[in-house]
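Chemist: First the structure, which I've put down as structure tokens, then a few questions once you've had a look.
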Amino acid sequence: MDYKRILELMIEHLDEGIIVVDSELEILYFNEPSTNITGFDSDKAIGKNLFQVFPNISKDNSTFWNVINTGEPIIEHVQRYINCEGRDVTIVTSTIPITNGNRVYGAMEIFKDVTQVMELSEKVIMLQETLYNRGGKEKVFLANGTQYTLGDIIGESLPMKELKSKICKVAFSNSPIFVYGETGTGKELVVQSIHNLSHRRDKPFIAQNCGALPESLLESILFGTVQGSFTGAKDKEGLFELADGSTLFLDEINSMSLDLQSKLLRVIEDGVIRRVGDIRTKLVDVRIIAATNIEPKKLLEEGKLREDLYYRLNVIYLHIPPLKERREDIPILADHFIKYSNRRMGKSVKGLDKEVIEYFYNNDWPGNVRELQNIIESAMNFVEGEYITMKDLQSYNLLNMDYSKECFEESIVGEDLNLKEAVEEYEKKLIKIALEKANNNCAKAARALKIPKQTLHGKIKRYGL
Ligand SMILES: Nc1ncnc2c1ncn2[C@@H]1O[C@H](COP(=O)(O)OP(=O)(O)OP(=O)(O)O)[C@@H](O)[C@H]1O
Ligand SMILES: [Mg+2]
């Protein structure tokens, strides 16, 4: 096999541009994506000097020049420039020296076009601003850009009652809050409710998912930039300045690099921010709420969350329990979602039938309230009578049983059975495995199989298991 050819093919089909220069900055390599991003043809670039091809790059701002002179890589650097087609382009570059011992022979730059991501984030900020300035004419969203208030949090179980009472208490302080809840447990609801109860509610609620942006962009989005801080950077306020006097919700805080986490810690401690590239600082009054859907203990152990930041944010800790730990909320939530769908679909479904109630009660709900909401929305499309039945749930994927593969391996195909017998045989095997895995605990096995306990009892009897 021709490995060189394979490598070439791989490089030409990446989304990233790759440019290689020698120590004199002569371009040695310029892949196809580089052409798409910069607008230059590789045959016009290769063999030329870098500064000749990119006249707006000079020794002062060239990452290549810097890396060749220091021998140190520059990772995830943001640059903004007008390309030769007149397009305003934002790229993130990583520049790596090519060395042998102490000698630097050249450098290679890998870069991606993040113009669209950047434009989208800017649009989001702009929309948040206009939404706020519109003064409440929007129906779905409140004037401050939120959607939920305390009344939207459904749940009468003890942990949910406690959570709601805690929300009311902490809303009025300025201390940072750390929210932990598995996916779909309602973190967005909780955080927005806090903002809407607080004295900050007339100011726009600013939210940023830390996992949604590349690291270097996240930093400039959070702290803002000054003109010249990196090639083409504009004077721009960041989310901290936008959230002055308000609440800043940092979702998926664990996606932030440890380096940025330490910068965040400094802001929280000092109450001042500095735009990227600026020497001036600015005092801001921002209440930080951070959230994760992974247990903080695990994040600390794995080194994904700085301990000092965690303890600083954790002045108030809110845990939203998973749905399986508050099963008594399931009927109330189901009823709420059915009523909502009734209104939207012009139906008059009264509720869940007995079998569905039992199935819902025994399910583990890995997707939590969101999963319950989705399954009901799906069923509402099929329901014909007054109550949702197991039949109406069929189109929703209920068969995510991890042991089904094992059964296929001990294939029954080829044994002299007709289809009905084969299906029964297969069902028998599934039940046997579920019972084994559940140490013969019927309730547990029924939950794993996602069928009501009575149905399982019936089948055990029928198959003589
Ligand atoms: N207690 C609740 N009462 C009513 N609706 C809820 C409740 N909890 C969650 N929901 C609904 O479930 C969906 C998911 O909630 P939300 O977006 O707040 O979850 P999340 O915890 O932020 O999840 P993720 O970690 O995936 O972002 C939303 O549509 C929300 O309306
Ligand atoms: Mg969320």
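Chemist: What is the one condition in (1) surrounded by fewer than 16 Cβ atoms within 10 Å (Cβ to Cβ); (2) more than 22 Å from K304 (Cβ to Cβ); (3) within 11 Å of ligand 2 (Cβ to nearest atom) that L189 does not satisfy?
Modeler: (1)
Chemist: Condition check: away from ligand 2 (no atom under 16 Å from the Cβ) and buried (at least 21 other Cβ atoms within 10 Å of the Cβ). Does L197 satisfy that? I'd like the intermediate steps shown before the answer.
Modeler: On the way: away from ligand 2 (no atom under 16 Å from the Cβ): yes; buried (at least 21 other Cβ atoms within 10 Å of the Cβ): no.
No.
Chemist: For residues that are over 13 Å from L242 (Cα atoms) and of a type in the set (A, V, I, L, M, F, W, C), scanning just segment 206-216, find the one that is farthest from ligand 1 (Cβ to nearest atom).
Modeler: Keep residues of segment 206-216 that are over 13 Å from L242 (Cα atoms), which gives 209-216.
Keeping just the survivors that are of a type in the set (A, V, I, L, M, F, W, C) gives 210, 212-213.
Values: C210: 12, A212: 11, L213: 16 Å.
So, considering only residues that are over 13 Å from L242 (Cα atoms) and of a type in the set (A, V, I, L, M, F, W, C), the one farthest from ligand 1 (Cβ to nearest atom) is L213.
Chemist: How many of the residues in segment 232-247 are closer than 22 Å to Y81 by Cβ and crowded, with 20+ Cβ neighbours inside 10 Å?
Modeler: Residues in segment 232-247 being closer than 22 Å to Y81 by Cβ and crowded, with 20+ Cβ neighbours inside 10 Å: 2 in total.
Chemist: Also: Could you identify the single residue in V286, V356, V315, V349 that is more than 11 Å from ligand 1 (Cβ to nearest atom), assigned by TED's automatic domain parsing to the domain that holds F223, in contact with a strand residue (DSSP E or B) (Cβ under 7 Å, 6 or more places away or on another chain) and of a type in the set (V, I, T)?
Modeler: Numbers: V356 fails: assigned by TED's automatic domain parsing to the domain that holds F223; V315 fails: in contact with a strand residue (DSSP E or B) (Cβ under 7 Å, 6 or more places away or on another chain); V349 fails: assigned by TED's automatic domain parsing to the domain that holds F223.
Testing whether each residue is more than 11 Å from ligand 1 (Cβ to nearest atom), assigned by TED's automatic domain parsing to the domain that holds F223, in contact with a strand residue (DSSP E or B) (Cβ under 7 Å, 6 or more places away or on another chain) and of a type in the set (V, I, T) leaves just V286.
Chemist: Ok, one more. With I98, I125 as the choices, which residue is of a type outside the set (D, E) and in the same structural domain as L242 (by TED's automatic domain parsing)? Give the steps one after another, and end with the answer.
Modeler: Details: I98 fails: in the same structural domain as L242 (by TED's automatic domain parsing).
Going through I98, I125 in turn, the sole match is I125.
Chemist: Step by step: first the residues of segment 248-297, then only those that are surrounded by fewer than 17 Cβ atoms within 10 Å (Cβ to Cβ) and among the β-branched types (V, I, T), then the one that is nearest to ligand 2 (Cβ to nearest atom). Which residue is that?
Modeler: I294
Chemist: Hey, another quick one. Hey, can you tell me all the residues within segment 337-358 that are hydroxyl-bearing (S, T, Y) and under 32 Å from the mean Cα position of the chain (by Cα)?
Modeler: Here is the first cut: in segment 337-358, the residues hydroxyl-bearing (S, T, Y) are 340-341, 348.
Across segment 337-358, the qualifying residues are Y340, S341.
Chemist: Continuing with this model, one more query. Scan segment 165-186 for residues that are surrounded by 16 or more Cβ atoms within 10 Å (Cβ to Cβ) and within 13 Å of ligand 1 (Cβ to nearest atom) and jot them down.
Modeler: I167, V179, Y180, G181, E182, G184, T185, G186
Chemist: Can you find a residue that is in contact with a Phe, Trp or Tyr (Cβ under 6 Å, 6 or more places away or on another chain) and part of a loop (DSSP other than H, G, I, E, B) anywhere in segment 32-46? Outline the logic, then answer.
Modeler: As a first pass, look at segment 32-46 and keep what is in contact with a Phe, Trp or Tyr (Cβ under 6 Å, 6 or more places away or on another chain): 42, 45-46.
With the extra rule that they be part of a loop (DSSP other than H, G, I, E, B), the set shrinks to 46.
Yes, some residue in segment 32-46 is in contact with a Phe, Trp or Tyr (Cβ under 6 Å, 6 or more places away or on another chain) and part of a loop (DSSP other than H, G, I, E, B).
Chemist: Here is a list: T292, T389. Which entry is under 30 Å from I268 (Cα atoms) and of a type outside the set (A, V, I, L, M)? Show your work before the answer.
Modeler: Working: T389 fails: under 30 Å from I268 (Cα atoms).
Matching residue, one of T292, T389: T292.
Chemist: When the residues of segment 187-204 are filtered to those that are hydrophobic (A, V, I, L, M, F, W, C) and at pLDDT 95 or above, which remaining residue is farthest from ligand 1 (Cβ to nearest atom)?
Modeler: Here the answer is I194.
Chemist: Let me ask something else. Within segment 229-250, does at least one residue satisfy the condition of being touching a Cys at 6+ places or on another chain (Cβ under 9 Å) and over 27 Å from P331 (Cβ atoms)? Don't jump to the end; show me each part of the working.
Modeler: Step one: filter segment 229-250 for residues touching a Cys at 6+ places or on another chain (Cβ under 9 Å), giving 250.
This time we only want the ones that are over 27 Å from P331 (Cβ atoms), so: 250.
The answer is yes; a qualifying residue exists.
Chemist: With I91, I110, I57, I46 as the choices, which residue is more than 12 Å from I19 (Cα to Cα) and touching a strand residue (DSSP E or B) at 6+ places or on another chain (Cβ under 6 Å)?
Modeler: Matching residue, one of I91, I110, I57, I46: I91.
A quick yes/no check of all residues on (1) of a type in the set (A, V, I, L, M, F, W, C); (2) in a loop (DSSP other than H, G, I, E, B); (3) under 32 Å from the mean Cα position of the chain (by Cα); (4) at pLDDT 85 or above:
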residue	(1), (2), (3), (4)
E384	no, yes, no, yes
K391	no, no, no, yes
S395	no, yes, yes, no
A422	yes, no, no, no
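Chemist: Please work out which one of (1) at pLDDT 95 or above; (2) within 16 Å of ligand 2 (Cβ to nearest atom) is the condition A243 fails and give its number.
Modeler: (2) is the only condition that A243 fails.
Chemist: I'm trying to understand the selection: among the residues of segment 217-255, which are among the β-branched types (V, I, T) and within 16 Å of ligand 1 (Cβ to nearest atom)? Even if it seems obvious, please write down each step before you answer.
Modeler: Quick first cut of segment 217-255, residues among the β-branched types (V, I, T) only: 221, 225-226, 231, 247, 253.
Result: T247, I253.
Chemist: Could you tell me whether any residue of segment 320-341 is buried (at least 17 other Cβ atoms within 10 Å of the Cβ), under 19 Å from E377 (Cα atoms), more than 16 Å from ligand 2 (Cβ to nearest atom) and among the aromatic types (F, W, Y)?
Modeler: Within segment 320-341, one or more residues are buried (at least 17 other Cβ atoms within 10 Å of the Cβ), under 19 Å from E377 (Cα atoms), more than 16 Å from ligand 2 (Cβ to nearest atom) and among the aromatic types (F, W, Y).
Chemist: Just checking, which of E215, E162 is surrounded by fewer than 17 Cβ atoms within 10 Å (Cβ to Cβ), of a type in the set (D, E) and in contact with a Leu (Cβ under 8 Å, 6 or more places away or on another chain)? Give the steps one after another, and end with the answer.
Modeler: Working: E162 fails: in contact with a Leu (Cβ under 8 Å, 6 or more places away or on another chain).
Among E215, E162, only E215 is surrounded by fewer than 17 Cβ atoms within 10 Å (Cβ to Cβ), of a type in the set (D, E) and in contact with a Leu (Cβ under 8 Å, 6 or more places away or on another chain).
Chemist: Every residue in segment 140-164 that is in contact with a Ser or Thr (Cβ under 7 Å, 6 or more places away or on another chain), assigned to a loop (DSSP other than H, G, I, E, B) and more than 10 Å from ligand 1 (Cβ to nearest atom), please.
Modeler: T149
Chemist: Quick one: count up the residues across segment 164-186 that are more than 16 Å from ligand 2 (Cβ to nearest atom) and under 25 Å from I375 (Cβ atoms).
Modeler: Matching residues across segment 164-186 total 1.
Chemist: Within segment 298-318, can you find the residues that are surrounded by fewer than 17 Cβ atoms within 10 Å (Cβ to Cβ) and over 18 Å from I177 (Cβ atoms)?
Modeler: Result: K298, E301, E302, G303.
Chemist: Quick check: anything in segment 60-74 in a strand (DSSP E or B), surrounded by fewer than 19 Cβ atoms within 10 Å (Cβ to Cβ) and modelled with pLDDT under 80? If you could, list the steps in order and put the result at the bottom.
Modeler: First pass over segment 60-74, keeping only residues in a strand (DSSP E or B): 74.
Right, trim to surrounded by fewer than 19 Cβ atoms within 10 Å (Cβ to Cβ) and you get 74.
If we keep only those that are modelled with pLDDT under 80 as well, we get none.
No, the conditions are met nowhere in segment 60-74.
Chemist: On to the next question. With the condition being over 21 Å from V276 (Cβ atoms), I'd like the strands (runs of 3 or more DSSP E) fully within segment 168-257 carrying at least 1 qualifying residues.
Modeler: Numbers: elements: 177-181, 206-209, 247-251.
Those strands (runs of 3 or more DSSP E) span 177-181, 247-251.
The values are calculated or read from the model by the stated rules, or taken from the named source; none is laboratory data. Computed from a predicted structure; not experimentally measured. Cβ sites come from the backbone with ideal geometry, for glycine too, and all protein chains shown count toward neighbours.
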